[in-house]
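For reference, the structure discussed in these notes is given below.
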Amino acid sequence: MNEQVPQPTPLDLEPEPSSFKLIFTLGLVGLLSGLILAGAYLYTLPIIEANKAAALQRAVYEVLPGCAEFQTLELRDGRLLPPPETEGSGEQSDPAPRIFAGFTADGQLIGFAIQAQQAGFQDQIVGIFGYRPEQQLIVGFEVLESKETPGLGDKIMKDPAFIANFSALAVEPLPKLVKKGEKAQPHQVEAITGATISSRAVVRLLENGLDQWREPIRNYLSTQNAKDE
Amino acid sequence: MNKPIETSRTAEEFLKGLWRENPVFVAVLGMCPVLAVTNTAINSLAMGLATLFVLIFSSLLVSTFRNVIPKQVRITAFIIIIATFVTVVDFALAALAPDIHKELGAFIALIVVNCLILGRQEAFASKNPIGLALADATGMGLGFVFALFCLGALREILGSGTLFNFPLFGEGFEPWVIMILPPGGFFTLGFLLLFINWLQNRRQKQQTASMN
């Protein structure tokens, strides 16, 4: 009888708690966790929303130099209209795509801030650019969201030389990417050395935005002019 | 006569995480955030503090309820508690520091699976009274912050030539971009571990030499 009986672990010695106790404990932990989360969510939600709105608002002023105030316009049935009043704070089930019309202090329309996206090197790049339909010019560009490689692709938001491309970029013909130092035409964009994919994504992003919004903007302007006359 | 022993035990549990049992440099735990978000000093500091917060509050709760939670469901309960505080941190960062929140991205949510936190609950907080658990969590958390900051500062200085976005070198400095890319994380961590092991080896040799 010198056989060693395996030593029972303390867990085996204790009586197995009833399933009810296990479920009750987990339910209680879940309930507590839910309460804490609901509290934190309710408390931070308005601040987070305000942050996002502020970031977007700042970006609109940034990409439309000279803009003093802006109006949100929604695209519905191919026409640009102010968003419906009844919307309130309730969430829309299917929010219509929207752009921002910028005005000078004395109410002159100077251009539109257009949000667009395009797949970059890692993930979707979301950007906003200022477009002046009268001159067919892009007058500013800013990245709102991107996960481009730090140090290389993220130069699309940090490299002043690249950003300068968009201070007066012709859109007729459509913007085209060229190598650094080869910009000769007003519609050409100089790429970032070592970040060609990210640079090209930005140019495509501009194209996407123009594709979607040029026609509605033209219609909008012609109806505005008809109204004025 | 109990008091001094208690205090020294608490101090001991607090101090061990800072250096002797440092979660990163000695235990090599929680490598995902250590490598992924230490490309700047500010990011690594934010990640370290977020982890510290989660660790302290989880340890407090786990230690408080250590006699109530049945052993069979303890891991599930720990994870729910940890995930709760991680989500709170996520909301708080998005509200208070949206820029940092944007930089850290998914790594905030990934604090849930940082084995440092679950490890401390299982190994310490679930077996010790609240005071000791708090000391242990604070020490380990601060040790984690310290380690992350070392990596973040080194990588930012070498990779961008700045510290907290202040330029340190003149115009002539060419940043080693590789240091802020993923391989730089491995290089920096490797060299730091090498350095710390060398330090400890030397100390051990000195101790044995003085004993002879």
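The values are calculated or read from the model by the stated rules, or taken from the named source; none is laboratory data. In this text, all values refer to a predicted model and were calculated from it rather than measured experimentally. Reconstructed Cβ throughout: ideal geometry from the backbone, glycine too, with neighbour counts over all protein chains shown.
Here are the numbers for this structure:
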{"item": "Qualifying residues in region B:63-100 (those that are more than 7 Å from chain A (Cβ to nearest Cβ), in a helix (DSSP H, G or I) and not hydrophobic (A, V, I, L, M, F, W, C)) - the one nearest to residue B:127 (Cα to Cα)", "result": "B:63"}
{"item": "Qualifying residue in region B:74-87 (condition: modelled with pLDDT under 90 and of a type in the set (Gly, Ala, Ser))", "result": "no"}
{"item": "Residue that is of a type in the set (A, V, I, L, M), touching a residue at least 60 places away in the same chain (Cβ under 8 Å), away from every other protein chain (no Cβ under 12 Å) and farther than 16 Å from residue A:48 by Cα, where the choices are B:50, B:46, B:109", "result": "B:50"}
{"item": "Selection status of residue A:62, under 42 Å from the mean Cα position of the chain (by Cα), of a type in the set (Asp, Glu) and either at pLDDT 90 or above or surrounded by 14 or more Cβ atoms within 10 Å (Cβ to Cβ) (or both)", "result": "yes"}
{"item": "Of all residues in region A:107-129 being exposed (fewer than 13 other Cβ atoms within 10 Å of the Cβ) and under 12 Å from residue A:70 (Cα atoms), the one that is modelled with the highest pLDDT", "result": "A:108"}
